[in-house]
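Worksheet for the structure shown next.
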Amino acid sequence: MAKEHHFAARLVWTGAERGTTTSYDSYGRDYRIEVEGKPPLAGSADPGFRGDAARHNPEDLLVASLAACHMLSYLAECARAGIEVAAYEDKASGLMTIKDRRMRFTEVTLAPRVVIAAGDLEQARALHEKAHDACFIANSVNFPVLAMPTVVRA
């Protein structure tokens with residue numbers, strides 16, 4: 001694996017269509033994320049911060065990034081160990097609260113439910129810890145990312 005990986009995104013504030021930032025209440029929170037060669041992603045602030053509930057917000061995307069990274073790491077570990085994963089679903093959740101006088105994430109809990117078609121059930125459960133250690137996103141945040149997996153046989 002290469003020692004460096006570079007990622008780039010362009011963010012465009014589309015909320016400017018509602019006007020300038022003349023007051024906290026008046027400006028639009030909508031934006032568009034563009035990554036070369038991929039479909040654009042429409043976003044906004046969370047409704048608690050005057051955003052559009054129908055759009056993805058940064059908090060949703062952080063929780064989703066952690067869940068996706070864990071899943072991809074887990075699937076790789078299972079493939080290497082000869083465990084055949086037939087299905088994977090995660091109901092991840094994050095908690096933001098004030099800590100050290102700042103609003104921040106204090107934890108994210110992953111709750112993956114995995115169905116395996118072949119392989120050792122206990123090893124499949126144990127590989128979640130190995131996947132957690134390998135997850136690039138979890139290794140990049142300063143709060144606990146807890147994994148509470150359920151693994152069953154098909």
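The values are calculated or read from the model by the stated rules, or taken from the named source; none is laboratory data. Bear in mind the structure is a predicted one, so any value in this text is a computation, not a measurement. Don't worry about glycine lacking a Cβ; one is built from the backbone with ideal geometry, like all the others, and counts go over all protein chains shown. Note: accessible area is taken over every heavy atom of the protein model, side chains too, but ligands, DNA and RNA are not part of it. Shrake-Rupley method; radii C 1.70, N 1.55, O 1.52, S 1.80 Å.
Data overview
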| quantity | calculated |
| --- | --- |
| Condition check for Glu122: charged (D, E, K, R) and open to solvent by less than 40 Å² (accessible area, probe 1.4 Å) | no |
| Some residue of segment 110-118 being surrounded by 21 or more Cβ atoms within 10 Å (Cβ to Cβ), without any contact (Cβ under 8 Å) to a residue 40 or more places away in the chain, assigned to a strand (DSSP E or B) and β-branched (Val, Ile, Thr) | yes |
| Odd one out for Ile116 among (1) at pLDDT 95 or above; (2) within 23 Å of Gly48 (Cβ to Cβ); (3) out of contact with any Phe, Trp or Tyr (no Cβ under 7 Å at 6 or more places or on another chain) | (2) |
| Out of Phe105, Phe136, sole residue that is open to solvent by 50 Å² or more (accessible area, probe 1.4 Å), under 24 Å from His5 (Cβ atoms) and in contact (Cβ under 8 Å) with a residue 40 or more places away in the chain | Phe136 |
| Out of Ser73, Ser93, Ser26, sole residue that is hydroxyl-bearing (Ser, Thr, Tyr) and more than 20 Å from Ser140 (Cα to Cα) | Ser26 |
